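The values are calculated or read from the model by the stated rules, or taken from the named source; none is laboratory data. Bear in mind that the values here come from a model prediction, so they are computed numbers and not experimental data. Here the Cβ is made from the backbone with ideal geometry for all residues, glycine too, and neighbour counts use every protein chain on show. Heads up: the accessible areas ignore ligands, DNA and RNA and are worked out on the full protein's heavy atoms, side chains in. Shrake-Rupley method; radii C 1.70, N 1.55, O 1.52, S 1.80 Å.
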Amino acid sequence: MTDCLFCRIVAGDIPSETVHETETTVAFKDINPAAPLHVLVVPRRHIDDAAAVAPEDGPVLADMLVAARAVAEAAGVAGPDRGYRLIFNVGPDAMNSVPHLHLHVLGGEPLKGHFAAA
Ligand code: 5GP
Ligand code: ZN
């Protein structure tokens, strides 16, 4: 039993709309979407946040990026004329709210600005 929200989603204890799964990652729809496509890619193994990533975590980070591309392809936004945005929030100034590493995959419409979510 863990009190980490995303560990509990990975374990299936809390329901989520899963869109993609691999041996090392799970991708599910954000409960409060900021864009038509808003999916969170998380490692199955708990890592606190992007600042806690160590060199030996390299493979799972690559798995997360490959999963994000698969999510974008499935949503039809991966082609050369479309695109999507990948975000890691770290700490309170970036409004990181869930302390389990997650990669936001945002898209489905032209995103506003270069750095904002939508
Ligand atoms: P952060 O603010 O930490 O970068 O991103 C956390 C994200 O998790 C937010 O966009 C928020 O909407 C999403 N979120 C929080 N609780 C849940 C939940 O129980 N289920 C799902 N699917 N998303 C959640
Ligand atoms: Zn966790």
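Table for the structure above
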| quantity | calculated |
| --- | --- |
| Residue ID - farthest from LEU111 (Cα to Cα), chosen from residues in the stretch 64-80 that are open to solvent by 60 Å² or more (accessible area, probe 1.4 Å) and modelled with pLDDT of 95 or more | VAL66 |
| Pairs, first in contact (Cβ under 8 Å) with a residue 12 or more places away in the chain in the stretch 5-23, second more than 9 Å from ligand 2 (Cβ to nearest atom) and of a type in the set (S, T, N, Q), C-beta under 8 Å, six or more apart | ILE9/SER16 |
| Which numbered condition HIS46 misses (of (1) more than 13 Å from ligand 2 (Cβ to nearest atom); (2) modelled with pLDDT of 95 or more; (3) assigned to a loop (DSSP other than H, G, I, E, B)) | (1) |
| Selected residue (criterion: nearest to ligand 2 (Cβ to nearest atom)) from residues of the stretch 6-25 that are under 14 Å from the mean Cα position of the chain (by Cα) and outside any strand (DSSP E or B) | CYS7 |
| Residues of the stretch 32-60 classified as farther than 16 Å from ILE87 by Cα, open to solvent by 70 Å² or more (accessible area, probe 1.4 Å) and without any contact (Cβ under 8 Å) to a residue 40 or more places away in the chain, total | 5 |
| Matching residues in the stretch 1-18 - criterion: being at pLDDT 95 or above, among the hydrophobic types (A, V, I, L, M, F, W, C) and out of contact with any helix residue (DSSP H, G or I) (no Cβ under 6 Å at 6 or more places or on another chain) | CYS4, LEU5, PHE6, CYS7, ILE9, VAL10, ALA11 |
| Of all residues in the stretch 5-44 being polar (S, T, N, Q) and in contact with a strand residue (DSSP E or B) (Cβ under 7 Å, 6 or more places away or on another chain), the one that is nearest to ligand 1 (Cβ to nearest atom) | SER16 |
| Test for LEU101: is it more than 22 Å from CYS4 (Cα to Cα) and either at pLDDT 95 or above or not in a helix (DSSP H, G or I) (or both) | no |
| First in the stretch 67-94 and under 18 Å from PHE115 (Cα atoms), second anywhere and open to solvent by less than 50 Å² (accessible area, probe 1.4 Å) and of a type in the set (D, E, K, R), Cβ under 6 Å, 6 or more apart | VAL90/ASP49 |
| Enumeration of residues in the stretch 102-116 that are touching a residue at least 60 places away in the same chain (Cβ under 8 Å), more than 7 Å from ligand 1 (Cβ to nearest atom) and not small (Gly, Ala, Ser) | LEU103, VAL105, LEU106, GLU109, LEU111 |
| Count of residues meeting criterion [part of a loop (DSSP other than H, G, I, E, B) and in contact with a helix residue (DSSP H, G or I) (Cβ under 6 Å, 6 or more places away or on another chain)] in the stretch 67-98 | 4 |
